[in-house]
Amino acid sequence: MFNSILRAIGLSPKGERRQFERYPVTTPLEVTVDGVAHTCIVENVSVGGLRLEPPVAAKPGSALKILHPASGLHLEGKLIANDEHGARVSFNSAEAGAVVSVWVRMMHEQESTRTETV
């Protein structure tokens, strides 16, 4: 039961490699770095950050502004790394990350539900 509670709030149970549970989502985001906006798709989200496609044209450690256009949600983070598949972004605050993780997952579920009913 304790592991279920941890997963519900976005934390991984003890013994798992990752600190935070990842949730697969597909939703567009706008990421701005050095005044340049990039349109990305979220591949997965956790309390700690996001995995985005495509890679963001910036150096690891760069400060990012993240906008979820459908909700108007704003957040700040930093680029952890890029690879050929995408970018890893961490949130500046775990508290904000928890809110964003739940919010993006809810938006994804709403979008999925609308698509299924059409």
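Any read-out appearing in this document is the output of simple, stated calculations on the displayed coordinates, not a laboratory observation. Everything numeric in this text was worked out from a predicted model, so none of it was measured. Note: ideal-geometry Cβ built from the backbone for every residue, glycine included; neighbour counts use all protein chains shown.
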Of residues in the stretch 79-104 being charged (D, E, K, R) and surrounded by fewer than 17 Cβ atoms within 10 Å (Cβ to Cβ), the one nearest to Ala58 (Cα to Cα) | Asp83
Filter the stretch 32-70 down to residues that are under 14 Å from the mean Cα position of the chain (by Cα) and of a type in the set (Ser, Thr, Tyr) and give me whichever is surrounded by the fewest Cβ atoms within 10 Å (Cβ to Cβ).
-> Thr39
Please find, among Glu21, Glu53, the residue that is under 19 Å from His108 (Cα atoms), touching a residue at least 12 places away in the same chain (Cβ under 8 Å) and in contact with a Ser or Thr (Cβ under 8 Å, 6 or more places away or on another chain).
-> Glu21
